[in-house]
Amino acid sequence: QMSLILLEQARKDGNTAFGEGDYEKAASFYEAALKEEEDSRRVEKGEKGEKEIPTEGVLIEEIEDDDSSPSDLPDQLHQSEAAATAAADAAAAANEETEQQLQSAPLEVLQMRAVLLSNLAAARIKQENWASAVAAATLAIDSGAVQNEKAIERRAHAYSNMENKEDDALSDYKTLLEKCPDRRDVVDKIRELEVQIAARNERIKDEMIDKMKQFGNFFLKPFGLSTDSFQMVPNGEGGYSVKMSNGDS
């Protein structure tokens, strides 16, 4: 089958470029083949008489502003909003059509697509393009076509290098550990992330308390008081009571 041959050749070419350290070239091989295979499947369905949904969206013409009167603007904005809505609807329809096409594709093609997507994630990781790596790995994982341990690990690694994505990384590493329980390096990574998350949460808590104290001091200042004038005392029931501080240090 031509699609499978196309994807397999792209895998070989991309892997060769990857091995040579040319990660952008490797990524271009993977991406071009994935797009070409998808396009060829869409054309094939079109030739069978099935309705083809445009993938480029709807062209939105720019509003000319050189001789527009104020009264023209609402109509123009309405037209622009309508065009944007139409473009979004077309894109959503195209995505749905692509998913349907993928479901009808041979298993061998789906498996090779998943491999290329996972390899694409690896190339983007080498470039430290974390968001693109996550996107490619997610597509590979969601395909469900192959054993996706590599894609899960690559997405976890990319997440761990992104700001505020520690929880996502931890979730992926835990999933990976379920599939590969003997991976001691994954256990170590989970522990490392748990420490990072605990430290982050503690930092966020301290920042919130500090802001609350600033807010409280703003209202207490006219009375000659501050939040330091009070102290939290355990009430023996798992909670705290607020009492005036006696000023002793």
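Observations on the model:
- In region 128-152, residue nearest to residue 203 (Cα to Cα) [restricted to those that are of a type in the set (Asp, Glu) and open to solvent by 60 Å² or more (accessible area, probe 1.4 Å)]: 128
- Pair list, Cβ < 9 Å and 6+ apart or interchain, from region 20-39 residues that are touching a residue at least 12 places away in the same chain (Cβ under 8 Å) and open to solvent by less than 60 Å² (accessible area, probe 1.4 Å) to residues that are of a type in the set (A, V, I, L, M) and in a loop (DSSP other than H, G, I, E, B): 37/105
- Evaluation of residue 162 against (1) open to solvent by 60 Å² or more (accessible area, probe 1.4 Å); (2) within 30 Å of residue 115 (Cβ to Cβ); (3) not in a helix (DSSP H, G or I) (one fails), failing number: (1)
- Inclusion of residue 17 among residues that are within 27 Å of residue 128 (Cβ to Cβ), under 22 Å from the mean Cα position of the chain (by Cα) and of a type outside the set (Asp, Glu) is not warranted.
- Matching residues in region 168-190 - criterion: being open to solvent by 50 Å² or more (accessible area, probe 1.4 Å) and either over 23 Å from the mean Cα position of the chain (by Cα) or farther than 20 Å from residue 158 by Cβ (or both): 181, 182, 183, 184, 185, 188
The values are calculated or read from the model by the stated rules, or taken from the named source; none is laboratory data. In this text the structure is predicted, and so the values were computed from the model without any measurement. Note that each Cβ is placed from the backbone with ideal geometry, even for glycine, and that neighbours are counted across all protein chains shown. For accessibility, only protein heavy atoms count, side chains too; no ligands or nucleic acids. Shrake-Rupley method; radii C 1.70, N 1.55, O 1.52, S 1.80 Å.
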